[in-house]
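Student: First the structure, then my questions, so here it is.
The values are calculated or read from the model by the stated rules, or taken from the named source; none is laboratory data. Because the structure is predicted, anything quoted here is derived from the model rather than measured. For neighbour counting, all protein chains shown are included, and Cβ atoms are generated from backbone atoms with ideal geometry for every residue, glycine included. Protein only, heavy atoms only, side chains kept; ligands, DNA and RNA dropped before computing areas. Shrake-Rupley method; radii C 1.70, N 1.55, O 1.52, S 1.80 Å.
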Amino acid sequence: MADVIAIDGPSASGKGTVASRVAEAFGMDYLDSGALYRLTALYAQRQGAAWSDGTAVAVLAANLPAEFADGKILLDGEDVGAEIRSEAVGMGASEVARHPEVRTALLQRQRDFQTASGLVADGRDMGSVVFPDAVLKIFLTASAQIRAQRRAAQLGLPCEGAAFERILSDIEARDEADRCREAAPLKQLPDALLLDTSDMGIEEAVKKVIDWYEQ
Ligand code: CDP
């Protein structure tokens, strides 16, 4: 099997942008594993299953009618690319991701993204659980304040005031939930290289990953 580059890290760290740019640079495929958890949360909501019900959500996750086609994310044939990025669905993703049976239901589906072209995979447990044999493992992070500023900029909001404080507290809440859960808690692996992008632009972060891979 071709190489896998695993990029794990907390919410809004920019790992998705970095991972997709690195994939493009090497002509590799890209797996946004968070999108699968977001799709699972949205699908559960649409099917009337509570996010807290691990057994019911796992059955739905195992049969998730999702497709990644031409840069679009489809659920039951409908383009839900924008809908799954909402903060509410993000919270739902974080909740369904706590259930070990949901994680197991999504495991093979994530591994199926690995083809002969090579793969850059981003998430929380790419290097630890899904692709433990990845040739390069990176823990990509930035301070909560900087991540909140980036998310605010994405949403066209100012970096101060009530809306900003809410973004910051949402990020901190998700960090805590992802770090403190029992199933695949987010942490830096001993064999992962740390990439702290607090004082680094996207270009520099992409270059760093490319350099590490080529070394
Ligand atoms: O976009 P953001 O970085 O905020 O989140 P995401 O990567 O889209 O993931 C959404 C949620 O799914 C996270 O808060 C995690 O709880 C969960 N997740 C996970 O548990 N394992 C993964 N490999 C990817 C995401």
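Student: Which is touching a helix residue (DSSP H, G or I) at 6+ places or on another chain (Cβ under 6 Å), under 27 Å from residue 57 (Cα atoms) and modelled with pLDDT under 95, of 172, 182? Steps first, please.
Tutor: Working: 182 fails: touching a helix residue (DSSP H, G or I) at 6+ places or on another chain (Cβ under 6 Å).
Result: 172 is the single residue among 172, 182 that is touching a helix residue (DSSP H, G or I) at 6+ places or on another chain (Cβ under 6 Å), under 27 Å from residue 57 (Cα atoms) and modelled with pLDDT under 95.
Student: Pick out the one residue from 85, 124 that is crowded, with 18+ Cβ neighbours inside 10 Å, in contact (Cβ under 8 Å) with a residue 24 or more places away in the chain and of a type in the set (D, E, K, R).
Tutor: Only one candidate qualifies: 124.
Student: Check the range 101-114 and report whether any residue there is more than 10 Å from the ligand (Cβ to nearest atom) and touching a strand residue (DSSP E or B) at 6+ places or on another chain (Cβ under 8 Å).
Tutor: yes
Student: Here's another thing I want to ask about it. Which residues, counting only those in the range 22-36, are outside any loop (DSSP other than H, G, I, E, B) and open to solvent by 20 Å² or more (accessible area, probe 1.4 Å)?
Tutor: Selection gives 24, 25, 26, 29, 30, 32, 34.
Student: Only one of 81, 16, 90 is in contact with a strand residue (DSSP E or B) (Cβ under 7 Å, 6 or more places away or on another chain) and within 11 Å of the ligand (Cβ to nearest atom). Can you tell me which?
Tutor: Every option except 16 fails the conditions.
Student: Please pick out the residue among 152, 144, 116 that is hydrophobic (A, V, I, L, M, F, W, C) and open to solvent by 50 Å² or more (accessible area, probe 1.4 Å).
Tutor: Going through 152, 144, 116 in turn, the sole match is 116.
Student: Say whether the condition of being touching a Ser or Thr at 6+ places or on another chain (Cβ under 7 Å), surrounded by 13 or more Cβ atoms within 10 Å (Cβ to Cβ) and among the acidic types (Asp, Glu) is met by at least one residue in the range 161-173.
Tutor: No: the range 161-173 contains no residue that is touching a Ser or Thr at 6+ places or on another chain (Cβ under 7 Å), surrounded by 13 or more Cβ atoms within 10 Å (Cβ to Cβ) and among the acidic types (Asp, Glu).
Student: Being touching a residue at least 40 places away in the same chain (Cβ under 8 Å), open to solvent by 10 Å² or more (accessible area, probe 1.4 Å) and within 12 Å of the ligand (Cβ to nearest atom), is that true of even one residue in the range 54-77?
Tutor: no
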